[in-house]
Amino acid sequence: MHTYVKVLGTSSTCFYALVDCNENKLVLKSFQGLNKPMREEIDVNQLTNLTKDTFWGGQRISFYYQEKLYQFYECGPAVIDYLQEKLFV
């Protein structure tokens, strides 16, 4: 599934990514235009402060992983439902 992701740490970045979850790993891939290709694996068991809320009328899932805040925005049908099913276990 594709959606917008925002990562806040020492710097802030926002990108459109392919999101996939399998075997307790959340995999983010982004290969867009002039941006440097990115692939990141997140261990679902190490997530903290996992929340679901509403942001400007759309749903959003947020969590902390390795001192960075990850925010996934509703963009298209069932993205947040998919993440909720995989992360809120």
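General remarks:
- Cα gyration tensor shape of region 14-57, rounded if a/c is under 1.5, else prolate or oblate by comparing a/b with b/c: oblate
- Across all directions, the average flat footprint of the convex hull enclosing the Cα atoms of the chain is 5.8 nm².
- Selected from Leu87, Thr10, Asn49, residue furthest toward positive end of dipole (region 2-88; charges at beta carbon): Thr10
- Lysine pairs in the chain with Cα atoms under 21 Å, if 8 or more residues apart or on separate chains: 15
- Where GluC sites (Glu not before Pro) in DSSP loops with at most 15 other Cβ within 10 Å are excluded, longest remaining stretch of the chain: 24-66
- Pair Tyr82, Asn49: separation of 7 Å Cα→Cβ label points (nm): 2.6 nm
Read-outs: derived from the displayed coordinates by stated rules, not from any lab. Note that the structure is predicted; figures quoted are calculated from it, not measured. Cβ atoms come from the backbone with ideal geometry, glycine included; neighbour counts cover every protein chain shown.
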